[in-house]
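Below is one structure, written out as structure tokens; comments come after it.
The values are calculated or read from the model by the stated rules, or taken from the named source; none is laboratory data. As the structure is a prediction and not an experimental result, all values here were calculated from the model. Cβ placement follows ideal geometry from the backbone for every residue including glycine, while neighbour counts extend to all protein chains displayed.
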Amino acid sequence: MLSSIAVISYSINAAAFIVLSILFLTSWRGRLHGIALTVSCLLTAIWAATIAFQTSLAPPISLLTDILEIFRNAGWTIFFIMLIGHYPQTGFPSPLKLRPYVVAILAFYLLLTFWTVYSYWLPEFASRSTVFATGIVGRVAQAVIGMLLVEQLYRNTPIKNRWGIKFACLGIGGMFAYDFYLYSDALLFRNVNEEIWAARGVVNALAVPLVALSAARNPQWSLEISVSRRILFHTAALFGSATYLLVMAAVGYYLRFFGGSWGAVLQVAFLFGAVFLLLGILFSGIFRSWLKVFISKNFYSYNYDYREEWLRFTRTLAQEGYGLGERAIQAVAELVESPGGALFMCRDSGNCELVTRWNMSLAIGSEPLNSIFCQYLENKQWVIDIQEYSANPEKYESIPMPHWLRNYPLAWLIVPLVLHGKLLGFVVLVHPRSKIKLNWEVIDLLKIAGSQAASFLAQQESDNALMIARQFESFNRMSTFVVHDLKNLVSQLSLLLSNAAKHKDNPEFQKDMIDTVDLSIQKMKRLLEKLSSGNSVEKPVPFRIEDLLQKAVAAKSTAEPKPKLEILHHGMEVLANWASLERVIGHLIQNAIEATPKDGQIVVSLDKGDGTVIIAIKDTGHGMSAEFMNERLFKPFESTKIAGMGIGVFESHEYARELGGRLEVVSSNENGTTFRMILPSHHQKHEDVQTH
């Protein structure tokens, strides 16, 4: 059983150092310290793997494992000697003066290697007890040398550089200390304790994350590896939880053992309470915040993993579910573990007003944009620490703080939101869950985050303004079409009125006048219905196109010149809205009337095409230039008429395209203009469906 535990223990050790060696090899950039570190890790991995393999087959102690252990210790010793020589200003011997010590240590390891080989190959020259004792003494000496080097390195390293080596000293020094404990026990009892020896592999594996952290923190000898803060956070939480549960299990065992008849009940109740307490701690925002800050302070040279922070910041601003203002507060607040805040934005009223809040009590406040406070935020772009201001207002030029800050007793920081040198607003953050030291790194990150949040908020303000502008544009466009329709009706009624004095006694004119007035009234009613219904779109229905053309031409019967209708093919149907199509056809006929002299001609014809209906409106008017037709004809608000609005042709073109057709035009100054509206035939569509 113990041999199986030893195999697992040393296998874990080998796997851990192999992974660390691979990380070093993949990121190696030729540094001498990196070579020594990588070689030491590889030797340790090979040594542990050899012990695990031999333990599974035979007794673990052999010449090969003893030699590899010497090489492992020698590798770590050389690595620490190189680190010691890296700081000549410490008062420790310089690299040149270290040469005698290096030679002496190498000679010791060489002599130890020869003695180990001698003790295995020539056992008859020495007793077994002597060989065992000298071998154990040699191992103790290796451990002592290693611990001395670790102690000398840490003690003589400048204080400002210790943060880069302390974890390596702790991890590797722990390996040598455990070896000292193992072999001191063996020297004392004349036998290697198998349980201590079996646990040695796992103990050595614990040094791997510490060495990796030192390599990541110390740019002088690291191999540019990077340990994820997230992985370290979850690892620390998992390791702490496991340790906590083990301790609680031990306490529960003793409660059951000494609790008598109540022991089982006390154990179960205690364990469930311990689990609930652990869950409460793990889900506590204060604990998570403290652990993150603790890891950043003690395991990394910088407070933030900027890639992770920026990805989280962007995701927070982009997520849905609540307003952008709250998301902006949350994104900035989470950078400093603040649980809440309030957002103030500059408004047209000339004040910075409270817009929204996140996890903060409701309080009203506003600050004039021309106040000294807002001008200071815009010009200096400084993050204001309210507590620091209270203690030393001169640092902030003794600017008067807003009186409404008294409504925020938990206020901690004021982060300006500046975009293109202009103050867009500011965020008031409450005190963090764990203590945060505001150094240059934190303040610079908050300033950049404030600028980024300001760009998102400015984009939202622009989008809202654009949406309002589009609503006004839609309203103005609808108004333009209404005015255009009213203009046509007014023109038609004005023409009728101008001819009334001349033809008022003509019965035929009287009949046309009544029909025209009735048609105008019906059009105005439909226009009012359309406006009252919010410009709703009516569903298209099939109808005979010649009936619509007859009605559209009849509506212009009082005009001069009077349009004529030619039906070249009867019985054709289209799928459209009658009122909309009548309106666009009426626009085209009205345009032809206005462009044609009284002695000219206007012909509206209906013909059949290949699965289409062709409506042609031909006049003998003054025509249009090729440049106007190519560049301006089908654009809104473009017209050749002095009083024209340029809406009729544009609406006709768009509606024809909406029905799946098209509007074509041919025009010249000599022959006038011909508009051809080509629409799909409803019968043709029906026949196509039946065929398929």
message: Residue under question is Gly75, and the condition is that it be in contact with a Cys (Cβ under 9 Å, 6 or more places away or on another chain), modelled with pLDDT of 60 or more and either surrounded by fewer than 18 Cβ atoms within 10 Å (Cβ to Cβ) or assigned by TED's automatic domain parsing to the domain that holds Ile46 (or both); does it hold?
response: yes
query: Among the residues of region 482-494, is there at least one that is at pLDDT below 70, of a type in the set (A, V, I, L, M, F, W, C) and either in a helix (DSSP H, G or I) or more than 22 Å from Val553 (Cβ to Cβ) (or both)?
result: yes
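Return the residues of region 293-313 that are charged (D, E, K, R) and modelled with pLDDT of 70 or more; say none if nothing qualifies.
From region 293-313, those charged (D, E, K, R) are 297, 305, 307-309, 312; that's our starting set.
Of everything in region 293-313, those that are charged (D, E, K, R) and modelled with pLDDT of 70 or more turn out to be Asp305, Arg307, Glu308, Glu309, Arg312.
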- line: Contact list, first residue from region 514-537 and within 13 Å of Arg583 (Cβ to Cβ), second anywhere and modelled with pLDDT under 65, beta-carbon distance below 8 Å, six or more apart or interchain, is Lys530/Ser536
- prompt: Do you know which residues across region 590-607 are touching an Asp or Glu at 6+ places or on another chain (Cβ under 9 Å), of a type outside the set (Gly, Ala, Ser) and in a helix (DSSP H, G or I)?
  reply: Asn591, Ile593
message: List pairs: first residue in region 417-432 and within 18 Å of Glu353 (Cα to Cα), second residue buried (at least 22 other Cβ atoms within 10 Å of the Cβ) and aromatic (Phe, Trp, Tyr) anywhere in the structure, Cβ distance under 8 angstrom, at least six positions apart or on different chains.
response: Leu417/Phe426; Gly425/Phe344; Phe426/Phe344; Val427/Phe344; Val428/Phe344
query: Hey, among Glu337, Glu326, which residue is under 30 Å from Leu245 (Cα atoms), within 21 Å of the chain's Cα centre (by Cα), modelled with pLDDT of 85 or more and in the same structural domain as Glu461 (by TED's automatic domain parsing)?
result: Glu337
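When residues of region 151-167 are filtered for being part of a helix (DSSP H, G or I), of a type in the set (A, V, I, L, M) and either touching a residue at least 40 places away in the same chain (Cβ under 8 Å) or surrounded by 20 or more Cβ atoms within 10 Å (Cβ to Cβ) (or both), how many remain? Steps first, answer last, please.
Filtering region 151-167 for residues part of a helix (DSSP H, G or I) gives 151-156, 159-164, 166-167.
Next cut, of a type in the set (A, V, I, L, M) only: 153, 159.
Filter once more, keeping what is either touching a residue at least 40 places away in the same chain (Cβ under 8 Å) or surrounded by 20 or more Cβ atoms within 10 Å (Cβ to Cβ) (or both): 153.
Within region 151-167, residues that are part of a helix (DSSP H, G or I), of a type in the set (A, V, I, L, M) and either touching a residue at least 40 places away in the same chain (Cβ under 8 Å) or surrounded by 20 or more Cβ atoms within 10 Å (Cβ to Cβ) (or both) number 1.
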field: For Leu170: the one exception among (1) more than 21 Å from Thr65 (Cβ to Cβ); (2) surrounded by 22 or more Cβ atoms within 10 Å (Cβ to Cβ); (3) aliphatic (A, V, I, L, M)
entry: (2)
- prompt: Which condition does Leu32 not pass, out of (1) at pLDDT below 75; (2) closer than 26 Å to Trp115 by Cβ, if it passes all the others?
  reply: (2)
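What tally of residues in region 623-646 results from selecting those that are at pLDDT 60 or above and either surrounded by 15 or more Cβ atoms within 10 Å (Cβ to Cβ) or aromatic (Phe, Trp, Tyr) (or both)? Step through it out loud before you land on a result.
First pass over region 623-646, keeping only residues at pLDDT 60 or above: 623-636.
Restricting the remaining residues to those that are either surrounded by 15 or more Cβ atoms within 10 Å (Cβ to Cβ) or aromatic (Phe, Trp, Tyr) (or both) gives 623-624, 628-629, 632-634, 636.
Within region 623-646, residues that are at pLDDT 60 or above and either surrounded by 15 or more Cβ atoms within 10 Å (Cβ to Cβ) or aromatic (Phe, Trp, Tyr) (or both) number 8.
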- prompt: With respect to the numbered conditions (1) part of a helix (DSSP H, G or I); (2) under 24 Å from Trp47 (Cα atoms), which one is the sole condition not fulfilled by Val192?
  reply: (1)
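Which of the following residues is modelled with pLDDT of 75 or more and surrounded by 11 or more Cβ atoms within 10 Å (Cβ to Cβ): Leu527, Leu445?
Values: Leu527 fails: modelled with pLDDT of 75 or more.
Among Leu527, Leu445, only Leu445 is modelled with pLDDT of 75 or more and surrounded by 11 or more Cβ atoms within 10 Å (Cβ to Cβ).
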- line: Considering region 550-568, residues that are assigned to a loop (DSSP other than H, G, I, E, B) and modelled with pLDDT under 90, and then whichever is nearest to the chain's Cα centre (by Cα), we arrive at Lys556
statement: Residue hits (region 661-672; surrounded by 13 or more Cβ atoms within 10 Å (Cβ to Cβ) and outside any strand (DSSP E or B)) are Gly661, Asn671
query: When both residues are 6+ apart or on different chains and their Cβ atoms are under 6 Å apart, which pairs have a first residue that lies in region 357-384 and is over 14 Å from Val427 (Cα atoms), and a second that is assigned to a loop (DSSP other than H, G, I, E, B) and hydrophobic (A, V, I, L, M, F, W, C)?
result: Ile372/Ile399; Tyr376/Ile399
